[in-house]
Amino acid sequence: MRKYIVAGNWKMNLSFDDAEELIESLIDLKKGDELEGLLMIVFPSFPYLELATDLTDEVDVYIGSQNVSNKEKGAYTGEVSASMLNSMDVAYCIVGHSERRKYFKETPEQIREKIDLLLEQAIKPIFCCGELVDERNENLHFLVVKAQIEQSLFHLNTEEIKNVVMAYEPVWAIGTGLTATPEQAEEMHAYIRKLISDKYGESIADEMSILYGGSCNANNARNLFAQPNIDGGLIGGASLNADDFYRIYKSF
Ligand code: PGA
């Protein structure tokens, strides 16, 4: 069955105490509100992951990492491996985020390596793809997204791809307040599902969760999530406030 997901990418924000308070508020808000097939996932920074997995041990809030190393282990100072994340019960990990592609020059090859290491550790990658504003203006957005998916995901076999969550995040919409319209997002989501269907078959494509990200908030989430191919959101700014994030979660 396709899962619906509301995921909060906290990025490089919040002190330890703020992170603790935010998770506790979310747990409180969500208490007794377990919605079948609708997951809440939060992505704190590395130093808060253990706190987050401990606090959510008994509740229905999943914890993911914002990043992982493309190396397995060893002398890579400052890196965090997929097996370390696994040892802290981290269930999901964002890969291919446009901020990492842009500021840290992550390549499709590195993204592919990260995905492989995560899957070996039974951690589900949330794979981000999306076009720049110029690419959309030149009508290249479908080609760009297709290439990103082919380069970093299409080496996976049928069993592996089932564990990947997709996130379409047009770069021009991230942190800008410029949300894609429900129609623009739906058009791309339907296209992505078709790409997956052509490569892996209809039933795998039908089960895949495809999230939208880019200035999604409590006011626009309902219209986005009402689209047949939009299965939730990857939320940045609006995930830093418990009430806003919970309102987005309840927009399904
Ligand atoms: P935003 O970020 O909601 O602040 O636009 C989304 C993301 O980067 O995942």
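Values in this text are rule-based calculations from the coordinates and carry no lab data. From a predicted model like this one, the values you see are computed outputs, not experimental measurements. Cβ placement follows ideal geometry from the backbone for every residue including glycine, while neighbour counts extend to all protein chains displayed.
Restricting the search to the stretch 238-251, which residues are outside any helix (DSSP H, G or I) and crowded, with 17+ Cβ neighbours inside 10 Å? Walk me through it before giving the result.
Of the stretch 238-251, the ones outside any helix (DSSP H, G or I) are 240-241, 250-251.
If the condition is that a residue be outside any helix (DSSP H, G or I) and crowded, with 17+ Cβ neighbours inside 10 Å, then Leu240, Ser251 are the ones that fit.
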Open item on the list: Looking only at the stretch 153-174, filter to residues that are more than 15 Å from the ligand (Cβ to nearest atom) and in a helix (DSSP H, G or I); which one of those is surrounded by the fewest Cβ atoms within 10 Å (Cβ to Cβ)?
Closed with: Glu159
Task: Residue selected from the stretch 175-192 under the condition more than 16 Å from Gly232 (Cβ to Cβ) and in a loop (DSSP other than H, G, I, E, B), by the criterion farthest from the ligand (Cβ to nearest atom) - done: Thr181
TODO: Could you tell me which residue of the stretch 106-152 is surrounded by the fewest Cβ atoms within 10 Å (Cβ to Cβ), considering only residues that are among the acidic types (Asp, Glu) and outside any helix (DSSP H, G or I)?
DONE: Glu138
Task: Filter pass, Tyr76 being of a type in the set (Ser, Thr, Tyr) and touching a residue at least 12 places away in the same chain (Cβ under 8 Å) - done: no
Open item on the list: more than 22 Å from Val144 (Cα to Cα), within 16 Å of the ligand (Cβ to nearest atom), surrounded by 15 or more Cβ atoms within 10 Å (Cβ to Cβ) and among the hydroxyl-bearing types (Ser, Thr, Tyr): is that true of Ser65 in this structure?
Closed with: yes
TODO: Can you tell me which residue within the stretch 86-105, out of those that are farther than 20 Å from Ser209 by Cβ and surrounded by 15 or more Cβ atoms within 10 Å (Cβ to Cβ), is nearest to the ligand (Cβ to nearest atom)?
DONE: Glu99
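Restricting the search to the stretch 96-119, which residues are under 13 Å from Val68 (Cβ atoms) and touching a Ser or Thr at 6+ places or on another chain (Cβ under 8 Å)?
Scanning the stretch 96-119 gives Gly96, Ile111, Arg112, Lys114, Ile115, Leu117.
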Task: Qualifying residue in the stretch 29-47 (condition: in contact with a helix residue (DSSP H, G or I) (Cβ under 9 Å, 6 or more places away or on another chain), part of a loop (DSSP other than H, G, I, E, B) and loosely packed, with under 13 Cβ neighbours inside 10 Å) - done: yes
Open item on the list: I'd like to verify a number: residues in the stretch 193-237 that are touching a strand residue (DSSP E or B) at 6+ places or on another chain (Cβ under 8 Å) and either in a strand (DSSP E or B) or within 16 Å of the ligand (Cβ to nearest atom) (or both), how many?
Closed with: 17
Open item on the list: Against the condition of a type in the set (Gly, Ala, Ser) and over 21 Å from the mean Cα position of the chain (by Cα), how does Ser15 come out, does it pass?
Closed with: yes
Task: Any pair with Cβ under 7 angstrom, 6 or more apart, that starts in the stretch 167-178 at a residue that is free of Cβ contacts under 8 Å to residues at least 12 places away in the same chain and ends at one that is near the ligand (Cβ under 8 Å from one of its atoms) - done: none
